[in-house]
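Report on the structure given below.
The values are calculated or read from the model by the stated rules, or taken from the named source; none is laboratory data. A quick note: this is a predicted structure, and the numbers were derived from the prediction, not measured. Methodologically, a virtual Cβ is constructed for each residue, glycine included, from the backbone with ideal geometry; neighbour enumeration extends over all protein chains shown. For the accessible areas, the whole protein counts, side chains as well, though only heavy atoms, and no ligand, DNA or RNA atoms are used. Shrake-Rupley method; radii C 1.70, N 1.55, O 1.52, S 1.80 Å.
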Amino acid sequence: MSTYVNRLGGDAPRTGEPPAGEGVAVWSLDTTLDVVGGHPVEEGLSLLDQGERERCGRFLRPRDRHRYLVSHVALRVLLGGYLGLAPQEVALVREECPCCGAPHGRPAVAGGGVQFSLSHSDDLAYLAFAAVPVGVDVEGYPSPAAVADILGTLHPAETAELTGVPEAERQALLARLWARKEACLKGIGTGLARGVAEPYVGSGPAPAEVPGWRLKDLPAPDAYAAALAVRTPA
């Protein structure tokens, strides 16, 4: 699965046709931008739905609010490009949760048309689009304290992999492992509700095989790791 990461900036993007079959489109984004996809961020609230505006308003820090606004304007601009709609015309819903059946599962476009996933870390966001369930994740390198906190929650083989290398190497390996795992969990729709022991994704140079999914590491800036998970046909 060869995947190029497009870069979304201030200009309107050329999205082309929505991904079909096993195709996938991935975009990265600097969430400090003041103009994204041809839209001034200060006017971005007008492009969001009521639920998004409410979530945006809950952020206490202006920087966090700006990051949310930029990434969701970007999501709507790209979805609108693939669907032939204005950003504010894209209707978003939540699928049923695989854990409990309540409507707080994967975010989706009402009526389908394209599947998507959004992830952000610090001032960086990644977005993925496909015709099948997809998950994307980007992670900044964790602190040594965060590494220590999470080691015991991983799959036992992953814990062994990380504890078997010098502490100085664990931050990069955990970021890589965590991006892979989160990408899978976002694609499945469970998030962290069932813990992070499964699926086993590994911390080595290549992801482990995950039944039902194509898992791939993505290019990322220094001190970040990113991964993509795409559902395979049954």
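If you split all Cα-Cα distances of region 7-89 into 10 Å bins from zero, what percentages do you get per bin, shortest first?
18, 50, 26, 5, 0
Run the dipole for region 150-218 about the Cα centre, Lys and Arg Cβ at +1, Asp and Glu Cβ at -1, nothing else charged, and hand back the magnitude in debye, nearest 20. Before the final figure, lay out each step's value.
Values: 8 positive and 8 negative charges, 58 e Å.
Here region 150-218 has a charge dipole of around 280 debye.
Using the beta-carbon distance between Glu95 and Ala148 and R0 = 41 Å, what value does 1/(1 + (r/R0)^6) give for FRET efficiency, to the nearest 0.05?
Working: r = 35 Å, r/R0 = 0.85.
Computed FRET efficiency for Glu95 and Ala148 comes out at 0.70.
For Asp34, Asp222, Asp122, write out the residues from largest to smallest accessible area, computed with a 1.4 angstrom probe and no ligands counted.
Listed by decreasing accessible area, they come as Asp222, Asp34, Asp122.
Give the Rg (one decimal place) followed by the Dmax (whole number) of region 56-105, computed from C-alpha coordinates and expressed in Å.
Taking only Cα atoms of region 56-105, I get Rg and Dmax of 13.9, 34 Å.
Can you give me the Cα centroid spacing of region 133-172 and region 189-234 in angstrom?
A separation of 13 Å, based on Cα centres.
Given q = 0.12, 0.14, 0.15 Å⁻¹, what are the Debye log10 I(q)/I(0) values for region 1-140, with equal point scatterers placed on the Cα positions and solvent ignored?
Reported log10 I(q)/I(0), two decimals: -0.45, -0.62, -0.72.
Using θ = phi - 60° and the Karplus form 6.51 cos²θ - 1.76 cosθ + 1.60, what ³J(HN,Hα) does each residue of region 27-41 get, whole Hz, x for Gly and Pro?
Each residue of region 27-41 in turn: 10, 10, 7, 8, 7, 8, 4, 9, 9, 9, x, x, 10, x, 5 Hz.
So if I restrict to the alpha-carbon atoms in the chain, what is the Rg, and what is Dmax, the biggest pairwise distance, in Å?
17.5, 51
Looking at the chain as a GNM with Cα springs under 10 Å, which of Gly44, Gly204, Gly135 has the largest mean-square fluctuation?
Taking springs between Cα atoms under 10 Å, the residue moving most is Gly204.
Expected output is a single nm value to one decimal: the length gained when fully extending between Glu167 and Tyr4, i.e. 0.36 nm times separation in residues minus the C-alpha distance. What is it?
Values: separation 163, 0.36 × 163 = 58.68 nm, distance 3.19 nm.
Separation in residues times 0.36 nm, less the Cα-Cα distance, equals 55.5 nm.
Among rounded, prolate and oblate, which fits region 73-148 when a ≥ b ≥ c are the square roots of the eigenvalues of its C-alpha gyration tensor, a/c under 1.5 means rounded, and a/b larger than b/c means prolate?
Values: a/c = 2.66, a/b = 1.47, b/c = 1.82.
Oblate, because a/c is 1.5 or more while a/b does not exceed b/c.
Which value in deg cm²/dmol, rounded to the nearest 500, describes the helix-derived mean residue ellipticity at 222 nm for the chain, given -39,500 (n - 2.57) per DSSP H run of n ≥ 4 and division by the residue count?
On the way: 5 runs with 67 residues, N = 234.
For the chain, the value works out to -9000 deg cm²/dmol.
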